[in-house]
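What follows is a single structure, written as structure tokens, with notes after it.
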Amino acid sequence: MKIIHGIKIGGLQQKIFNLMLIVIIAMIGIFLAVSLYQQHNLAHIVEQSNTDQQTSIAQVSDATMQTVLESSMSKTTALQAYIAGDLFSDVQTDVQTLQTFATELFAHADSFSPHPFYLPDKNNDGVASVMVQHETGVDPTESESLGLVANMSEIMLSMFVNSRWLSSCFVGTADGNILFVDDRAGAYLDENGMVYDFEVRSRPWYKQAAEAGRLIFTGIEEDAFTGIKGVVCAAPIYRDGELVAVVGADLFLTSISDYVENTVTDSSFLCVINEHGQVIFSPQKEGSLKPELSSDAPDLRQSDNEALAHFVTEALNNDTGLESVTIDGTAYYLMGVPIFPVGWTVVSVANQEAAHRPTETLLDNYKEINQRAMGVFREGAKHGSQTFIVLTTVMVLLGMIGALLIATHIVKPVEHMTRRINSLSGDNVFEMETIYCTGDEIEVLAESFTSLSKKTRDYIRQITEITAEKERIGTELALAKRIQADMLPNTYPAFPERPEFDIYASMDPAKEVGGDFYDYFLVDDDHLCMLIADVSGKGVPAALFMMASRIILAGYAKQGLSPAEILHNANETICRNNREEMFVTVWLGILEISTGRITAANAGHEYPVLMQPDRKCELYKGKHGFVIGGIEGAKYKEYELRLQPGGKLFLYTDGVAEATSAENELFGTARMLDALSGDPDADPERILTQVRRAVDDFVGDAEQFDDLTMLCLEYKG
């Protein structure tokens, strides 16, 4: 609400809205009448202008897109035919021929005599010849395979001489030798005339063919001796299921690179992408479509540019239509055609901005048409606007005057209500008065304030009482928590006078007080009793049952009974006075300090973890008995385990393994064992700390639903 020159302007929903609604309807009616009049005059002009514009756009856009599409398709198809038909199909056939010949050669090795072979000779430089190289430390004269594969010398030499594309062909043996044919003998000799060592089995073509177990094409690699970029087609040779050699052929790709470079125009170019999504040929010098070696080139299928990644994935498998993709901030039209012999794809790239340059003609045509239409429109709109402004002004003034007159009579009850509410304090309440009885929302609002005022006073009194009671209960629970913690052993080191062992334990309740507990004490000078337990339920009932159970178990243990007898007697005692039918799981063991032998019994509790020196942590799955307090007459069996000096025993309740993350996933015993193995030489206190840290990191901000209790014993001998 605003005050202007002493006049309050504002109003209630219904009464002022009725007046304003009449004004708005009148204004809309006038506006519609004027609009219909103007629309009748302008409809023909707009319709004709729109028709001319659409015709021009369709003609120019269709011509532009047709030109780009035809150019891209022709170049892409030509390059695909060149690569697939003239290069890779021939090379693949040659390598398959070598694979077949070599397989038969090894299969009938007894039928062939060793064929002579020779190291590279500088005098043969420029002449196709058969040569041998070997890995460092390998003597080719001792190879059992090299003399055999040398029988392929003539067929390899003939294949090299008669091929238009091969830069070399070869056979690499599993014992580190390679027999190959090319015309660059001098490239394999150093300045002293010594043959360079060649790590045959470390080359990508050897490793990839061996791993794939079939014919493969490598990515773009640099030749080890010339630095020229090319690909290798290779295939493995097996004898009795064992890899004995890899045959292959080099293919220098300078002709493809030259072809790709020559496809560049002012608006389009071609690029080639291999089966790993890497750009291997492109005229681009920078950006995402820049060609790089296979070891350095990124996989565009994994690009952050989702549109580019999707296009490359599709283009490697199928012919694509014309797609619009933005690359490095520039919009392009892309079209891909796969090269099936090698799994590559050829991509036509056209700059959208350049492709749409003919739209400048469209814009000129549109401008001319629009200017003619706008001239007529402005003349008609001018008269319509003047009429509309005058009528709107008159209607707004009439509406404001009417609203102010009615608001003067409506606002008085609201002002009185506001002053009454502002004057309320202490125990005062808002009360209904005659001035509020208007028969509309003001009366309903006043009644609501009256009711709310009384309810608020009662609510404040109730909150005060509840808060005082809650503080009393909180104080008592905090005291109960301290008493419970003080009842458990909590002074460390626990037995400073006993160097034979070290022990540490902790209990973190899920609520103010918990139902888990642990205990340890010396039965005599050579026997240490340890136990850990988990009471059913949580909170105060579990805490009371826990205290009673601990006292009963400790009492029987200090009588010198065996673990099975302790659990049996405790079960009988608890079952006789267990109207609430609560129960407790217990693991109890007695360590013979002089020998490291532990005699234990288990009443439905978690398996302990045994951590022997130089061995991984593992659950010790001993015999299980029924829970304490479950049924009378239950029998419990004992078992023994022995700790080596330096060995540790880790006990825990199910709150550790069943700690739950925000994703509702359990921590589990596997993660617990990993945490215990993180620092196997740690003392018991550090072990419990690292397990608790692992649980906290896993659970995160999720609420702790169960008590977390752990105990660790280190036997030092």
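No lab work stands behind these numbers, since they all come straight from the coordinates. This one's a predicted model, so the numbers in the text were calculated from it and none came from an experiment. Backbone-built Cβ (ideal geometry, glycine too); neighbour counts: all protein chains shown.
Tell me, what ³J(HN,Hα) does each residue in segment 595-604 have, in order and in whole Hz, if you take phi through Karplus 6.51 cos²θ - 1.76 cosθ + 1.60 with θ = phi - 60° and put x for Gly and Pro?
10, x, 7, 10, 9, 9, 9, 10, 9, x
Excluding residue 286 itself, what net charge comes from residues whose Cβ is under 12 Å from its Cβ, given Lys and Arg +1 and Asp and Glu -1? Please report the intermediate quantities before stating the final value.
On the way: positive: 285, 290; negative: 292, 328.
Cβ neighbours under 12 Å give a net charge of 0.
Which whole-angstrom value gives the distance between the alpha carbon centres of segment 645-669 and segment 438-467?
The distance from the Cα centre of segment 645-669 to that of segment 438-467 comes to 53 Å.
Using the per-residue mean of other Cβ atoms lying within 10 Å as a proxy for protection, in what order, highest first, do the peptides 692-698, 707-713 fall?
Working: 692-698: 16.1, 707-713: 25.0.
By packing density, highest mean first, the sequence is 707-713, 692-698.
Could you line up 585, 265, 689 from fewest to most neighbouring Cβ atoms inside 10 Å? Spell out each step's value before the answer.
Details: 585 24, 265 11, 689 16.
Listing 585, 265, 689 from fewest to most nearby Cβ atoms yields 265, 689, 585.
For segment 605-709, which GluC sites (Glu not before Pro) are in a loop by DSSP, counting at most 10 other Cβ atoms within 10 Å?
Taking segment 605-709 and a limit of 10 other Cβ atoms within 10 Å, the loop GluC sites (Glu not before Pro) found are 663, 703.
Residue by residue through segment 632-649, which ³J(HN,Hα) values in whole Hz follow from phi under the Karplus form 6.51 cos²θ - 1.76 cosθ + 1.60 (θ = phi - 60°), with glycine and proline marked x?
Running phi through 6.51 cos²θ - 1.76 cosθ + 1.60 with θ = phi - 60° gives 6, x, 5, 9, 10, 9, 9, 9, 10, 9, 10, 9, 7, x, x, x, 9, 10 Hz.
Given C-alpha coordinates of segment 488-715, what is the ratio Rg to Rh with the Kirkwood estimate of Rh?
Working: Rg = 16.7 Å, Rh = 17.7 Å.
Using only Cα positions, Rg/Rh for segment 488-715 is 0.95.
Mind listing which GluC sites (Glu not before Pro) in segment 279-336 are in a DSSP loop and have 11 or fewer other Cβ atoms within 10 Å?
Those satisfying the criteria are 286.
Among the listed pairs 621/716; 538/558; 558/616; 635/716, give every one whose C-alpha distance is greater than 26 Å. Mind dumping the intermediate values first?
Values: 621/716 23 Å; 538/558 28 Å; 558/616 34 Å; 635/716 33 Å.
Flagged as over cut-off: 538/558; 558/616; 635/716.
How large are Rg and Dmax for segment 256-355 when calculated on the C-alpha trace, in angstrom?
Computed over the Cα atoms of segment 256-355, radius of gyration and Dmax are 12.2, 35 Å.
Compare the Cα positions of 117, 205, 189 along the charge dipole of segment 76-231 (+1 at Cβ of Lys, Arg; -1 at Cβ of Asp, Glu; about the Cα centre) and return the one farthest towards the positive end.
Checking the options against the dipole of segment 76-231, the answer is 205.
Just add up the charged neighbours of residue 193: K/R +1, D/E -1, any other residue whose Cβ is under 14 Å from the Cβ of residue 193.
-3
How high is the FRET efficiency from residue 262 to residue 664, r the C-beta distance, R0 60 Å, rounded to 0.05?
Taking R0 as 60 Å, the efficiency between residue 262 and residue 664 is 0.45.
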